[in-house]
Structures are given as structure tokens and as C-alpha cells.
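Q: The structure is given below, and queries will be raised subsequently.
The values are calculated or read from the model by the stated rules, or taken from the named source; none is laboratory data. Since we're looking at a predicted model, the values are computed, not measured. Because the Cβ atoms are built from the backbone with ideal geometry, glycine has one as well, and the counts that use them run over all protein chains shown. These accessible areas exclude ligands, DNA and RNA; they are computed on the full protein's heavy atoms, side chains included. Shrake-Rupley method; radii C 1.70, N 1.55, O 1.52, S 1.80 Å.
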Amino acid sequence: MERIVINGGRKLGGKIRVSGAKNAALPILFATILAEDVCIIENLPEISDVTDSLEILRAMGASVTMLDLTTAKIDTTHIVCGTAPYELSSAMRGSYYVLGAELSRFGKARSAIPGGCDFGVRPIDQHIKGFTALGADVATDNGYVVCDCHGRPKGAGIYLDMESVGATINIMLAACKAEGQTVIDNAAREPHIVDLANFLNACGADISGAGTSVIKIKGTKRLHGVTYAIIPDMIEAGTYMIAAAATKSHVEITNVIPKHLESVTAKLLEMGVDVVENDESVVVDGDNELTPVRVKTLPYPGFPTDMNPQMCALMCLAQGTSYMNEGVFENRFRYTGELAKMGASIKVDGKMAVIEGLGKLQGACVRAVDLRAGAAMVIAGLAAEGVTYIEDIRHIERGYEDLVGKLANAGADIRRETVPEEAVQKAN
Ligand code: EPZ
């Protein structure tokens, strides 16, 4: 079994470079299905969700070659509809972008009902609402979602009941080659949606309004291949900003787009953390005492739900009562039990967590219950007195490129180790 071991209390320093954005890379990789041509995608993060997505494309008949560790050459000319492998697709969330891409290209689609982080039920009713509006019959069959437009999708007006990132992306993909225009109202505005629209437009699509609540897609007959670089990962950047604040360190986080981090920067400034924005980096200085704060997570440009766990870990280190109101998912607080093992005092009532900041945490043996919760445990371990062991780190490695290496290079006493199975059985 693999685990992360952290000897806490060390300051960080120097620079930490952010990789490409996971939540932009996944839709763009599946959007290459629309090009029916060769695409070269640069600045891919080295994470298992990306390698799994490339595996899914290969299994569907694409030719995929890594030109270097972060650049993939993908030829989707010979993709076969409905062949995304069940085991890989059902293990991650982003695989369901196959549906929108296949609908656009083939007029029909089939993919496993998606998996991903467990924060309660994660329905896809808004995706289905969009596909149905575009003329598809949609059914579920033995764990698969099956769609059929009986010809080309037809442009339509779609109002989303909530600003769903996934549904906005999937409908954009499905509408790219539809007959006529599609308008998505109440669309999500995340930077990764803008990145996908930029990629698709570079391939010859006709999308306007990405980044606003109204996105217009004029269907085009053919798209073509392109070379495209993924934007930097704002959640990875925010995670390292909070790690610097939690360890009272002075760190420059590079390869970022500061505008994407505005809500995180604003909250850190409220807590007394110094943040200086440069063109492509932010410098965090966490020397001051941390002030408690109230946070509500919201769709972009609000405070990201994907920063909820990391911010809660930081709130534990402030002196006084902080509040975390989860405005996006129904059950994103499963990690608070793991922080409690480190001495945290957090009361959760539905979508509200009340954090009694005690100014310190103690090392313990904890689990990564999901991707961002795992990052929060690393942050807590960096700040804690003593040693922290983090298990189930596969969740972390789905979405963070070389988290251990980047932190070790910045001065953390952190390592990844393999514990022999017999030692694990004995301990249990
Ligand atoms: C994407 O998930 C991200 N995942 C999540 O990041 C992120 O937390 C989320 O967007 C919000 O920003 C990927 O991009 C792969 P949503 P997604 O559709 O698309 C409800 C991470 O850590 N909803 O915006 O699944 C849903 O239950 C991951 O990188 C419906 O009710 O999120 C939730 O309450 C975790 N019906 C809310 O909308 C639907 O059809 C927002 O979900 C779709 C969503």
C-alpha cells in the first residue's frame, strides 16, 4: 500500500510551478474526437485522470503518442462510436464528455455512467436535459448512458437549472456540429469552459460567450486538428497558496493566471496572509497570525468548491471561529473526520461547517477520502506538530502532478513510501 509521510512544522520556500489544469485537460482530450484529425495537446498535467483519458481514447481507436511528458499527439480519425471501455470510464468523472463528443460527431453516443469523487449523489439530469433538447433519445442500459439523435443533433435553446460545469461542457460538445444554433442559458463560467471553447474554436467551431452565463454555439459541418496548450490549474495553484499560508512560509507560485485566483486571494488577504500578484505568478507570505473567516463556495467566479477542504484545514490554524458554507455539493465534508484525528474541532450541519480554530494540529494517521480532501490532509500534515501518515493517496494522484516532489523541492519533509501488505494487515 502506498502512503505519504510528512514530518510537520517545516517552512516552505522558493518557487512552486503549477501544471496544466485537470478540469480543462479532460474535456479538451475528449473534444479531440470532434476533430477527426491529428491534435497536439500541450501542458497536460501528469496525473492518472489524464493517462486514463488517453487510454480511453486509445481503446476507442485513436492513435495516441506522448511527444514528451506533458504533450500528447492524438489522431481521432478512426475513432469507433460507443467503444469507451466501461472499467476506465466508470472510474472517473470526466469520461462522460465522450457522450457530448460522440453525439456531435456520430449523432449517437454510449458511455458508462461516470464515477469520480464521492460527495453524495452527482446526477447528470442537466446533461440529459441538454442532449434531449438537441433531439436525442437518452436511456440508461446496464450502467451505460445511451443517446441517439437518429441523425445530426438539432440546435436548441437550453436553460440549465444550475450552473453545472459538466453539463455546460457536454452540451457545448454535443452542439458543435448540430444543425443550427444552440444557446446555453445559466451556463457555468469557469476558466476551463473558456479554455475548451478556445480549443474548439481553434479547431473551426463557432462558439461565443464562453465565460459568461450565455453561450452560443453555431453548428459547423467539419472541424480539424490543432496544436493547443492547456491553461494552468487554478485549484492546484490555490492549494499551494494555502500550503504556504498554513506553514507561515514565503513562496512564489509560478505559471498561474492571477485573475483565476481572485476569490482565493481575497479570502487569504482577509485572514491576514500577504499575497502579491505578478503577471504570471503569485507570492504568498504567511508570517502573520491567521484571522478566522467566513467562506461560501459558489460557481466561478465565487470561491471554488474544490478549495473547500484546503481552506478548512487552514481555518483550523486560525485563532477563533470560522465558517465554511458549501454552496455547490450536498456532502463535501466527509474529510472533517480525518482532520478531527489531528485535533481539529469542526461541527458540520448539512452544508455548513463551523471550525473552532485552535491555532495548531497534531500529526496522525489519516486517509484521503477524495481528491481535494487528500490535498487538505497534506496541508494539515505540513503544519502539524509531529508525523502524519496519509493513506488512499490514489485519490490525490488523480489530480495533482507530483505533489510530494513539488513540496519536497520547496523544503517540506515529505515522502511517498510503500508499506508491505503484511505490515498493513498486522496494523489493522
Ligand atoms: C466539475 O464537476 C469538476 N470535475 C469538479 O472538480 C468541480 O468540483 C465541479 O465541476 C464544480 O466546479 C471535473 O471537471 C471533472 P457540476 P461536475 O456539474 O461537472 C449538480 C475536482 O476536485 N448537478 O458543476 O460534476 C451537482 O450535483 C472535481 O477537480 C446536478 O444536479 O460539477 C452539484 O451539486 C471535484 N445535475 C452541482 O450541480 C447535473 O446534471 C455542480 O455540479 C449536473 C450537476
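Q: So for the range 52-60 (the condition being more than 16 Å from the ligand (Cβ to nearest atom), under 24 Å from the mean Cα position of the chain (by Cα) and in contact (Cβ under 8 Å) with a residue 40 or more places away in the chain), does at least one residue qualify?
A: no
Q: Which residues, counting only those in the range 97-122, are within 9 Å of the ligand (Cβ to nearest atom) and at pLDDT 95 or above? Spell out the reasoning first.
A: Residues of the range 97-122 within 9 Å of the ligand (Cβ to nearest atom): 97, 114, 116-117, 119-122.
Once the filter is applied, which keeps residues that are within 9 Å of the ligand (Cβ to nearest atom) and at pLDDT 95 or above, the range 97-122 yields only Tyr97.
Q: Here is a follow-up. Restricting to the range 31-47, and then to whatever is over 21 Å from Gly61 (Cβ atoms) and crowded, with 18+ Cβ neighbours inside 10 Å, can you tell me which residue is farthest from the ligand (Cβ to nearest atom)? Give the steps one after another, and end with the answer.
A: Of the range 31-47, the ones over 21 Å from Gly61 (Cβ atoms) are 42-43, 45-47.
Keeping just the survivors that are crowded, with 18+ Cβ neighbours inside 10 Å gives 43, 45, 47.
Numbers: Asn43: 17, Pro45: 11, Ile47: 10 Å.
Among them, the one singled out is Asn43.
Q: Can you run down the residue pairs with Cβ atoms below 6 Å, 6 or more apart or on separate chains, where the first is in the range 183-200 and not assigned by TED's automatic domain parsing to the domain that holds Cys39 and the partner is open to solvent by 10 Å² or more (accessible area, probe 1.4 Å) and not in a helix (DSSP H, G or I)?
A: none
Q: Mind counting the residues in the range 123-159 that are within 15 Å of the ligand (Cβ to nearest atom), open to solvent by 40 Å² or more (accessible area, probe 1.4 Å) and polar (S, T, N, Q)?
A: Adding up the residues that qualify gives 2.
Residue by residue, here is whether (1) within 16 Å of the chain's Cα centre (by Cα); (2) at pLDDT below 95; (3) within 27 Å of Arg334 (Cα to Cα) holds:
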{"residue": "Val256", "(1), (2), (3)": "yes, no, no"}
{"residue": "Thr265", "(1), (2), (3)": "no, no, yes"}
{"residue": "Val284", "(1), (2), (3)": "no, no, no"}
{"residue": "Leu298", "(1), (2), (3)": "yes, no, yes"}
{"residue": "Met315", "(1), (2), (3)": "no, no, yes"}
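Q: Now, a different point. So which residues in the range 160-179 are in a loop (DSSP other than H, G, I, E, B), more than 21 Å from the chain's Cα centre (by Cα) and surrounded by fewer than 18 Cβ atoms within 10 Å (Cβ to Cβ)?
A: Here is the first cut: in the range 160-179, the residues in a loop (DSSP other than H, G, I, E, B) are 160-164, 176-178.
Within this subset, residues satisfying the condition of being more than 21 Å from the chain's Cα centre (by Cα) are 161, 176-178.
Result: Asp161, single match.
Q: Still on this structure, please answer the following. Out of Thr254, Thr220, I need the residue that is closer than 30 Å to Ser322 by Cα and either crowded, with 18+ Cβ neighbours inside 10 Å or not aromatic (Phe, Trp, Tyr) (or both). Which one? Outline the logic, then answer.
A: Values: Thr220 fails: closer than 30 Å to Ser322 by Cα.
Of the residues listed, the single one that is closer than 30 Å to Ser322 by Cα and either crowded, with 18+ Cβ neighbours inside 10 Å or not aromatic (Phe, Trp, Tyr) (or both) is Thr254.
Q: Still on this structure, please answer the following. So Asn331 passes all but one of these: (1) at pLDDT 95 or above; (2) under 25 Å from the mean Cα position of the chain (by Cα). Which condition number does it fail?
A: Only one criterion is unmet by Asn331, namely (1).
Q: May I pose another question? Looking for something at pLDDT 95 or above, in contact with a Pro (Cβ under 7 Å, 6 or more places away or on another chain) and either in a helix (DSSP H, G or I) or not polar (S, T, N, Q) (or both) - is there at least one such residue anywhere in the range 2-17?
A: no
Q: I need the full set of residues from the range 306-320 which are over 30 Å from Ala187 (Cα atoms) and surrounded by 14 or more Cβ atoms within 10 Å (Cβ to Cβ), in order please. Lay out the reasoning, then the answer.
A: From the range 306-320, those over 30 Å from Ala187 (Cα atoms) are 313-320; that's our starting set.
Correct list: Ala313, Leu314, Met315, Cys316, Leu317, Ala318, Gly320.
Q: Take Ser249 and tell me if it is open to solvent by less than 10 Å² (accessible area, probe 1.4 Å) and not acidic (Asp, Glu). Don't jump to the end; show me each part of the working.
A: Numbers: open to solvent by less than 10 Å² (accessible area, probe 1.4 Å): yes; not acidic (Asp, Glu): yes.
The answer is yes for Ser249.
Q: So, one more: Residue pairs, Cβ under 6 Å, 6 or more apart or interchain, first in the range 69-80 and surrounded by fewer than 22 Cβ atoms within 10 Å (Cβ to Cβ), second among the acidic types (Asp, Glu). List them.
A: Correct list of pairs: Leu69/Glu46; Thr71/Glu42; Thr77/Glu36.
Q: Looking at the range 292-305, is at least one residue in contact with a helix residue (DSSP H, G or I) (Cβ under 8 Å, 6 or more places away or on another chain), assigned to a strand (DSSP E or B), of a type in the set (Phe, Trp, Tyr) and buried (at least 20 other Cβ atoms within 10 Å of the Cβ)?
A: Yes, that holds for at least one residue.
Q: Would you point out the residue of the range 180-193, among those that are open to solvent by less than 10 Å² (accessible area, probe 1.4 Å) and among the β-branched types (Val, Ile, Thr), that is nearest to the ligand (Cβ to nearest atom)?
A: So the residue we want is Ile193.
Q: Would you mention how many residues in the range 306-337 are within 16 Å of the ligand (Cβ to nearest atom) and farther than 16 Å from Met241 by Cα?
A: Restricting attention to the range 306-337, the residues satisfying the condition of being within 16 Å of the ligand (Cβ to nearest atom) are 306-313, 324-335.
Now narrow it down to the ones that are farther than 16 Å from Met241 by Cα: 324-335.
Counting residues in the range 306-337 that are within 16 Å of the ligand (Cβ to nearest atom) and farther than 16 Å from Met241 by Cα gives 12.
Q: Please count how many residues of the range 135-145 are assigned to a loop (DSSP other than H, G, I, E, B) and of a type outside the set (S, T, N, Q).
A: First, pick out the residues of the range 135-145 that are assigned to a loop (DSSP other than H, G, I, E, B): 135-136, 142-143.
Applying the additional criterion that residues be of a type outside the set (S, T, N, Q) yields 135-136, 143.
Final tally of qualifying residues: 3.
Q: Among the residues of the range 266-280, what is the count of those that are open to solvent by 10 Å² or more (accessible area, probe 1.4 Å) and either among the basic types (Lys, Arg) or not in a strand (DSSP E or B) (or both)? Outline the logic, then answer.
A: Filtering the range 266-280 for residues open to solvent by 10 Å² or more (accessible area, probe 1.4 Å) gives 266-267, 269-270, 272, 274-280.
If we keep only those that are either among the basic types (Lys, Arg) or not in a strand (DSSP E or B) (or both) too, we end up with 266-267, 269-270, 272, 278-280.
Here the count works out to 8.
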